[in-house]
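Derivation of every value follows stated rules applied to the coordinates shown; laboratory data play no part. Please read all numbers here as calculations on a predicted model, not as lab measurements. With ideal geometry, Cβ positions are generated from the backbone for all residues, glycine too; neighbour counts draw on all protein chains shown.
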Protein chains: 2
Amino acid sequence: MSVLVGNLLVVQTGGGTCAANASLAGVITQAGRYPESIEEIYGSLNGFTGILEGRLIDLQEEQQSTIRALRHTPGAALGAGSLTLDFNADSALVAQQTTALFRVLEANNVRFLITIGGMRTMEISRRLHELARQRGYDLRVIAIPKSATNDIPGTDHSPGFGSAARVVAHTVREAELDMLGHGEPGCSIVEVPGRLSGWLAMSAALARRGPDEAPDFILVPELGVDENALVQHIQATIERRGACSVVVADGVRNPQGRPFLAETVQADSVGRRLAEFIGESIGYPAYVYEAGRLPFHAARLASDTDLKEAYELGRDAVRSAINGQSGFMLKLKRESTSPYKCTNSLVLLEDVVRARYNRLPLDQVDLARLQPTEGLRQHLLPLIQGDPEVPLDENGLPEFAQLNKVLVEDLIQALEEEPPTEPANPEPTQAA
Amino acid sequence: MSVLVGNLLVVQTGGGTCAANASLAGVITQAGRYPESIEEIYGSLNGFTGILEGRLIDLQEEQQSTIRALRHTPGAALGAGSLTLDFNADSALVAQQTTALFRVLEANNVRFLITIGGMRTMEISRRLHELARQRGYDLRVIAIPKSATNDIPGTDHSPGFGSAARVVAHTVREAELDMLGHGEPGCSIVEVPGRLSGWLAMSAALARRGPDEAPDFILVPELGVDENALVQHIQATIERRGACSVVVADGVRNPQGRPFLAETVQADSVGRRLAEFIGESIGYPAYVYEAGRLPFHAARLASDTDLKEAYELGRDAVRSAINGQSGFMLKLKRESTSPYKCTNSLVLLEDVVRARYNRLPLDQVDLARLQPTEGLRQHLLPLIQGDPEVPLDENGLPEFAQLNKVLVEDLIQALEEEPPTEPANPEPTQAA
């Protein structure tokens, strides 16, 4: 392994979570420990868009206290950016974009590229790793998974998920109390994000300590749910225990694979459609609690296990890059569930991208009762443990980190002065 | 004052909050301290409906630990009940209902009636106090205010409000981080409950520490908001600071007094309508975060000040009844804002009912910037202070009280056996 000396660039993409900034804090802190290899620590504002636009900030200009506060600050402090490199675009555009991007990386002597993101980020990271090799540019690319809905394959679970799961479990318990507070038999419906994946919805079951506790039924996109059968089960449950609690992932479908109740009832959301359908067909009131993206950011209800894992993945991503690795995603590998122990190791980005999707194991779902099996429950339970310490400000509200965002001005001027010449031998890429 | 000996009955109505059960805990705990006056402590299941149906539970059958846990348990543990006595109904029905109700009270020797609720509860409590006097039945009625939207007059503020306000302020800060995490200029819209009242929406301003922080604009039902002017302000804000945060009470109206944007854009909620309108008219993305009723129940984000005040009002309600008072609401009286100090005192239910509504003081709203004045901000700030201690269960989730709900069986049988005779001289009541 040659000793590589240069700058480190960290990129966040695809929207924030409770844990995405913890990974960022891990990267920045660890990068500062290799002054012999890493000269500057840059962050790209707004994901890959920021690189293309040369909008890099100097993370060494941030205060230590800000970096520490990132560990409990939700969101994506660098700004995720909507434009990502689309390798399905026509090859001329792809070549133009990647050329521009490498021009910035090379102009800045970026040798260590750490990305924090979801599946599109994994795909882009893999491509950049390959393109660097093709160009003969020594660049080490390590990706850190980030997904509140746990849809990234190749890792036991993704940072951001445990916190969102914990908030959803909280929410289900509190929504049930709200519903019961009305004092009349009825149904609570908690709608959670999950267009493709039922992981987050399934985690709501962690709120349940007995058979007559919320949630009674969990609807996930992986299963076609029969609308009339469901409502009969809801009716039977209300008549038995005076209440019914349903958790619904927003991507749930009917057995024909079409959006749930979309052809039967008109409303903006699946939760509202279900509430209306329940009212019309069995006459009980149903109350909708739309979690939206707020569970992705409910800092004080986050899982400390999640935040710590995210931080350590950030730290180890830098270690791996320093150790000469490239083209990998850092993954969590479960060593033991009880006592819970995960270690960090590497998985080829190529394998992650090929697997495409972290499927909910349907053999771990009790299909008759729409609940996780005890095995899946035990798998999920450690991920929501621990209460993070979030300092409160003078108003009694959580105190979050705010980056100074000092732009790397010199670089920008250098780029502006330099004529945008194409490299002698641009590498066209193929559409995926 | 004669020494009155009998049973105490506590009633919750009108949906739960973070603090309604803290008041209940205060009532139960204090009631246990007067064994010479209070023989049994009953709770009505499902508000006044429960009295009519003779569904009373024996609160002395609950464990001490359950009563203690009520102090941080959201909702309405007794069940609020949808049927309330409607004094606007025809007088024959009212006479029938109140006769039935007094039959239960008298059969149970209920001499102390403590109610926890909103404006309809104040109205019913006042009537029951009057009817008891007319019947010559010695009954002491004391009401405790409960309103997450702070719409009860006659008190500095209502229990439940401070906690909901704190959660809304949290939410606004976290929704802004989510929006900023996208990395592109845009708008966040937090929709909060407030059909008639802007108190809760206004409290979101407590999240704001500087001019370029969330929330930028707060839309309250008390003001007619011009839709086009607002969108221009939003545009200017996005162009200045890259983001705009709007808080909207769901009852907001346009200057013609009609529901906001309802005639312009179709969507299920005012937040979604505003998001669509922003997208269509200025082209920026807007993200909607619907708080719904969840802030009323977010136990771990509640205000400890609020929970303590609610508990102490419960305690003092019993004291007042024991001291011979009846026909009063317990109110919070602000002695000082800095340092914050409220004391409890009594206000005639008649005066509360006459005032009808706790208006947002519009002279305390900066109409140009749609923000509270510094004075209103200082008024609200103490109400959201303090972090409640909420124990976590073995799954890392908040542990809430669950009542055993042991029905007072003997009574129910006695009632069933007794023929439903009308009293010799029923008191017809007048429609209000």
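Can you give the average number of partner chain beta-carbon atoms within 10 Å of each beta-carbon in peptide A:289-302, as a whole number?
Neighbouring Cβ atoms belonging to other protein chains average 6 per residue here.
Tell me, B:F277, A:F296, A:F112, B:F161 in order of fewest to most beta-carbon neighbours within 10 Å?
The fewest-first ordering by Cβ neighbours comes to B:F277, A:F112, A:F296, B:F161.
Go through B:Q30, B:F400, B:Y42 and say which Cα lies farthest out towards the positive end of the charge dipole of chain B; charges sit on Cβ, +1 for Lys and Arg, -1 for Asp and Glu.
Projecting each Cα onto the dipole axis, the largest value belongs to B:Q30.
Rounded to two decimals, what is the ratio between the C-alpha radius of gyration of the range A:48-106 and 2.2 N^0.38 Å?
Against the compact-globule rule of thumb, the ratio is 1.45.
Would you mind telling me the antiparallel percentage of the DSSP bridges in the protein assembly as shown, rounded to 5?
35 percent
Which of B:T171, B:L348, B:G16 sits closest to the plus end of the dipole of chain B, meaning its Cα is farthest towards the positive end, when Lys and Arg get +1 and Asp and Glu get -1 on the C-beta?
B:L348
Among the residues of chain B, which one places its Cβ closest to the rotation axis that maps chain B onto chain A, and what is that distance in whole Å?
In residue-and-Å form, the answer is B:D268, 2.
Please state the charge dipole magnitude for the protein assembly as shown, taken about the Cα centre, from unit charges on C-beta atoms (+1 on K and R, -1 on D and E), reported in debye and rounded to the nearest 20.
660 debye
So, counting K/R as plus one and D/E as minus one, what does the shell of residues with Cβ under 12 Å around A:P391 add up to?
-2
For label points placed 7 Å from Cα toward Cβ, what is the shortest-first list of nm distances from B:R369 to its copies?
From this label point to the equivalent ones elsewhere in the assembly: 5.6 nm.
Let me spell out the model: positive unit charges on the Cβ of Lys and Arg, negative unit charges on the Cβ of Asp and Glu, origin at the Cα centre of the range A:200-245. What dipole size does that give, in debye rounded to 20?
So the magnitude is around 220 debye.
One decimal, nm, shortest first: give the distances between the label point of A:T337 and those of the same position in the other copies, each label point 7 Å from Cα along Cα→Cβ.
Shortest to longest, the spacings are 5.6 nm.
For the range A:164-295, give the share of DSSP beta bridges that are antiparallel, in percent and rounded to the nearest 5; count only bridges with both residues there.
5 percent
Between helix A:270-282 and chain A, what is the angle of the helix's C-alpha long axis to the longest principal axis, kept within 0 to 90° and rounded to the nearest 10?
Taking the Cα atoms of chain A, the angle to A:270-282 is about 10 degrees.
Once you compute Rg and the Kirkwood Rh from C-alpha atoms, what is the Rg to Rh ratio for the protein assembly as shown?
Here Rg/Rh amounts to 1.02.
Name the lysines eligible as straight-distance cross-link partners of B:K308: C-alpha to C-alpha under 30 Å, and not fewer than 8 places from it in the same chain.
Within the straight-line cut-off, B:K308 pairs with B:K146, B:K331, B:K333, B:K341, B:K405.
For B:A236, place a label point 7 Å out from Cα along the Cα→Cβ vector, do the same in each other copy, and report the separations in nm, one decimal, smallest first.
6.1
Please arrange A:V172, B:V347 by counting, for each residue, the other beta carbons lying within 10 Å of its beta carbon, fewest first.
The order, fewest Cβ neighbours first, is B:V347, A:V172.
Tell me, B:I116, B:I322 in order of fewest to most beta-carbon neighbours within 10 Å?
Placing the least packed residue first, the sequence is B:I322, B:I116.
Computed over the Cα atoms, what is the radius of gyration of chain B divided by 2.2 N^0.38 Å, N being its residue count?
Working it through for chain B, the quotient is 1.06.
Between the range A:322-397 and the range B:364-405, how far is it from one alpha carbon centroid to the other, in angstrom?
Here the two parts' Cα centres lie 32 Å apart.
Of chain B, which part is the longest with no GluC sites (Glu not before Pro) in a loop (DSSP not H, G, I, E, B) and with at most 13 other C-beta atoms within 10 angstrom?
Result for the longest clean stretch: B:37-262.
What number do you get for the range A:164-295 when its Cα radius of gyration is normalised by 2.2 N^0.38 Å, N = residues?
The value comes to 0.94.
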